[in-house]
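> My questions all concern the structure below.
The values are calculated or read from the model by the stated rules, or taken from the named source; none is laboratory data. Since the structure is predicted, the reported quantities are computational estimates derived from the model, not experimental observations. So basically every Cβ, Gly included, is an ideal-geometry build from the backbone, and we count neighbours across all protein chains shown. Accessible surface is based on the protein model in full, side chains and every heavy atom, while ligands, DNA and RNA are left aside. Shrake-Rupley method; radii C 1.70, N 1.55, O 1.52, S 1.80 Å.
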Amino acid sequence: MKFNILNILTMKSKFFLIALSASIILTSCNKDLFKYENGDSTISISQIHYLHASANGTTDVSTDYARLGETIRLTGTGFVGVKHVYVNGYDTYFNLQYLTNNSMLVTIDENTPIEQVNDQVNNKNWIVLVKENEAIKAKKALKIRRAAPVVHDISNSMPQPNEWITIYGENLQNVAYVQFPGADISTVYADGGDNLYSDDEKGTYVRVKVPANFDTRTAENNKHQGAIIINADHDGNGVCETPAYFNYRRGLLENFEEGSSAFNNSKFDASECTMTDEASGNEDGTNDGHYYVMNSNSTYISDTTASRRNIYVFEKLEAFNNLPSELDELYSTDVALQFNVMCPQEWNSGNIDVVFDINYGNYKMTYAPWVSGKTDDFSKGFAKGSWFTVTMPFSTITDFQGKTFGEIRKILASIESPVWGIYFENVDQTNVLNGVSVEFKAKMTTITPYIDNIRVVPLTVSKDKVYGRDNEYN
């Protein structure tokens, strides 16, 4: 009996010890679990990294800014237990699966405010990590930008000194300065609008005055031709540049400064072709020597224009043989025909056509700014009474698509009696809008467009410069 009682007491003692040990273990585990969930009592951000893949295998690099939609990696200490990430004051989602005590991934939300940041002193250009205890937090400076800036068009790519030009694009807010090609050219800085200002609300354009010492007449060493650099790296969205066609005088086919020696009036109606040194109705007052004026007539209606058009025929395509060889390796999407146009009237009807096989009407490009929704929209820079540049890529001609410019030159050289022309006519136009073919009827018109500086230019952007991260301006 004593033996049984002693055994029971012994067994009870063992159960008590086991229960006590389990309680101690569970309490210890709970403390560790609590510590894991809530992190240490301190937290810090040591570095911010931009994630990217590169040829040398680097997966991330240090950065002090991030763009909307980008994913960044934070390194530091005490990240376990973070409950909120604020970017410019915006509560930003982060993935707990990629959270460790020393590293975490954060994707910058597309809705993160950039200009209109509440309580800007404490929120703007900061990333803040907050634990469950609001007093435990860490912050580090981080500038937030939109997508990289990009240029789509230049209103006039062959302007005169002191003339205003407009550079069209996206994300062009808060431009600090514009740098024209040429080491001896002064950089134009933002000055409240006297020489440079940008569309800081929508970022769709930059207006800048061409420096007074910019050489737009000669091609000596081509030192003043190439790309314009737009810098908004400090308060804007970064740095970008235009294609390298600005003032590309090496590609000139005809500037009319030698009279009409290269261009001849057509057999159709020579009286309709006029060269002038006075562009009537030119509101910006610039003058670049001689131009051709295309005298339209109110009788030019679609059913009567087949035999009457303003036309100038280049006797031969010899000028194409003198173009820079650097163009030959570029594909048709990256080479374009450019010319300047000034129209003192509202452009209500009528087209400028360029044909590279004038005898048979083959290889034609059409500029028709009065036709809405054109997919080959060459009219971004059009403004009544001002000179602007029309840029027509050779890829808009179906037969030239997928070919290099060198191959295009061979095609042109193989034409029997190779001559080309540029002319004005007023005919109906057809365009495809939302998959539906829409006809635009020509109207009576009396517009008198002027043309100048016909040239072939590259549309490429330099790959030699690195602006920010990995040529992000592309």
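> Does region 385-394 contain any residue that is at pLDDT below 90, open to solvent by 10 Å² or more (accessible area, probe 1.4 Å) and of a type outside the set (A, V, I, L, M, F, W, C)?
Yes, region 385-394 contains a residue that is at pLDDT below 90, open to solvent by 10 Å² or more (accessible area, probe 1.4 Å) and of a type outside the set (A, V, I, L, M, F, W, C).
> Can you go through Val151, Val206 and tell me which one is touching a Cys at 6+ places or on another chain (Cβ under 8 Å), closer than 23 Å to Phe388 by Cβ and open to solvent by less than 70 Å² (accessible area, probe 1.4 Å)?
Val151
> All but one of (1) modelled with pLDDT under 85; (2) in a helix (DSSP H, G or I) hold for Ile408, so report the exception by its number.
Of (1) modelled with pLDDT under 85; (2) in a helix (DSSP H, G or I), only one is false for Ile408: (1).
> Considering every residue within region 140-163, establish whether at least one is of a type in the set (Asp, Glu), at pLDDT below 90 and in a strand (DSSP E or B).
Yes, there is a match, as at least one residue in region 140-163 is of a type in the set (Asp, Glu), at pLDDT below 90 and in a strand (DSSP E or B).
> State the number of residues belonging to region 140-175 that are in contact (Cβ under 8 Å) with a residue 60 or more places away in the chain, more than 17 Å from the chain's Cα centre (by Cα) and farther than 17 Å from Ala383 by Cβ.
5
> Is it true that Glu110 is loosely packed, with under 13 Cβ neighbours inside 10 Å and either modelled with pLDDT of 95 or more or farther than 28 Å from Glu201 by Cα (or both)?
no
> Taking region 345-371 as the search range and keeping residues that are farther than 27 Å from Gly385 by Cα and not in a loop (DSSP other than H, G, I, E, B), which one is most open to solvent (accessible area, probe 1.4 Å)?
It comes out as Asn362.
> Of the residues that make up region 170-183, is at least one farther than 15 Å from Cys240 by Cα and either of a type in the set (A, V, I, L, M) or in a loop (DSSP other than H, G, I, E, B) (or both)?
Yes, region 170-183 has at least one match.
> Run down Lys137, Lys124, Lys131 and say which single residue is of a type in the set (D, E, K, R) and either loosely packed, with under 12 Cβ neighbours inside 10 Å or closer than 17 Å to Asp64 by Cβ (or both).
Just one listed residue meets the conditions, Lys124.
> Condition first: assigned to a strand (DSSP E or B), surrounded by 16 or more Cβ atoms within 10 Å (Cβ to Cβ) and modelled with pLDDT under 70. Can you find one or more residues in region 241-264 that meet it?
Within region 241-264 (the criterion being assigned to a strand (DSSP E or B), surrounded by 16 or more Cβ atoms within 10 Å (Cβ to Cβ) and modelled with pLDDT under 70), the answer is yes, since at least one residue qualifies.
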